[in-house]
Amino acid sequence: MTELTDFELPNAATGPDPFRLRDYASDSDRDAIVLLFQRDYHCPKCRDQVQTIASRYDDFRAHRTDVVSILPEPIEQAERWNDQYDLPFPLLADESKATSDQYDQPTRFGAIGSLHDMVGRMPEAVLIDASGQEPTLEYVHRGTMPADRPSVDDLLERVDDLAAARV
């Protein structure tokens, strides 16, 4: 499984800017964090996902969980998304794709896929336990196709499983 690594990225939406994962995880207001690694700015499935998460964000907060979306684009593209969707959670710009690569976000089609996000980059969801002294990576879903991503209910079920394992 991918190791949890800290990162710092510019944030186009709610929350700290710049965003540092370890600082964010240390806030006692949350027990878990879901990282959503998106494919690219134009991806309709990614756009649908952030809008669906936004519409159900109260469900995540009721589970003491925050969502952070990571877009492999410049900050200007992330700001355009936020202007359109007014997201209630951080939307980070990973222009260099270094953070996405650190978390082994899947790509397909070899060299061509690594050059063109819309063709090669696949979605990824990561669940982090932020309830202890050190945040830990608890679950990773690596998509094999653009639509291969967990639903809101799937993510909340994973959060419930994590909370049950703590007691």
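The values are calculated or read from the model by the stated rules, or taken from the named source; none is laboratory data. Values in this document were obtained by computation on a predicted structure and should not be read as measured data. Positions of Cβ are generated from backbone atoms using ideal geometry, with glycine treated the same way; all protein chains shown enter the neighbour counts.
Residues that are of a type in the set (S, T, N, Q) and touching a strand residue (DSSP E or B) at 6+ places or on another chain (Cβ under 8 Å): does the range 127-147 have at least one?
yes
Touching a strand residue (DSSP E or B) at 6+ places or on another chain (Cβ under 9 Å) and either within 25 Å of R158 (Cα to Cα) or part of a loop (DSSP other than H, G, I, E, B) (or both): is that true of D29 in this structure?
yes
Scan P150, P146 and give me the residue that is part of a loop (DSSP other than H, G, I, E, B), at pLDDT 80 or above and surrounded by fewer than 19 Cβ atoms within 10 Å (Cβ to Cβ). Explain how you work it out, then say what you get.
Values: P150 fails: surrounded by fewer than 19 Cβ atoms within 10 Å (Cβ to Cβ).
Just a single option satisfies the conditions, and that option is P146.
Return the pair list, or none, for Cβ contacts closer than 8 Å from residues in the range 145-161 that are closer than 15 Å to D31 by Cβ to residues that are among the charged types (D, E, K, R), at least 6 apart or on different chains.
L156/D59; R158/E138
Within the range 32-52, is there a residue that is surrounded by fewer than 16 Cβ atoms within 10 Å (Cβ to Cβ), in contact with a Leu (Cβ under 7 Å, 6 or more places away or on another chain) and outside any helix (DSSP H, G or I)?
The answer is no; no qualifying residue exists.
What helices (runs of 4 or more DSSP H) completely inside the range 54-105 contain at least 2 residues that are under 14 Å from R39 (Cβ atoms), touching a Pro at 6+ places or on another chain (Cβ under 8 Å) and modelled with pLDDT under 95? Please lay out each step first, then the result.
Values: elements: 57-62, 75-85, 98-102.
Qualifying helices (runs of 4 or more DSSP H): none found.
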